[in-house]
Amino acid sequence: MHYPLRRTCKDVAHLVVAMQDRPLSLTEGAGLRLHMLICKACPKFEKQFLTLRSAMKQWRNYSGDESA
């Protein structure tokens, strides 16, 4: 039997990455939120992923001008 709201950690990791590029469907978003409530590892992964994404964005915008 398939449960549309039941997500594995692997599914959630894919959704965390995907939601940076596209809106999640209602089912995807609900499954993601439900999983985040019961899993200890996935919220940590999401935080680390967003930190890395932010750091890479800052690095891309870095001009290298140290005199500022």
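What the table below lists for this structure:
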quantity	calculated
Boolean, Ala13 is among the small types (Gly, Ala, Ser) and surrounded by fewer than 14 Cβ atoms within 10 Å (Cβ to Cβ)	no
Helices (runs of 4 or more DSSP H) contained in the chain and holding at least 2 residues out of contact with any helix residue (DSSP H, G or I) (no Cβ under 8 Å at 6 or more places or on another chain) and at pLDDT below 95	26-38, 41-60
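The values are calculated or read from the model by the stated rules, or taken from the named source; none is laboratory data. Source: prediction; values computed, not measured. Every residue, glycine as well, gets a Cβ built from its backbone with ideal geometry; the counts of neighbours run over all protein chains shown.
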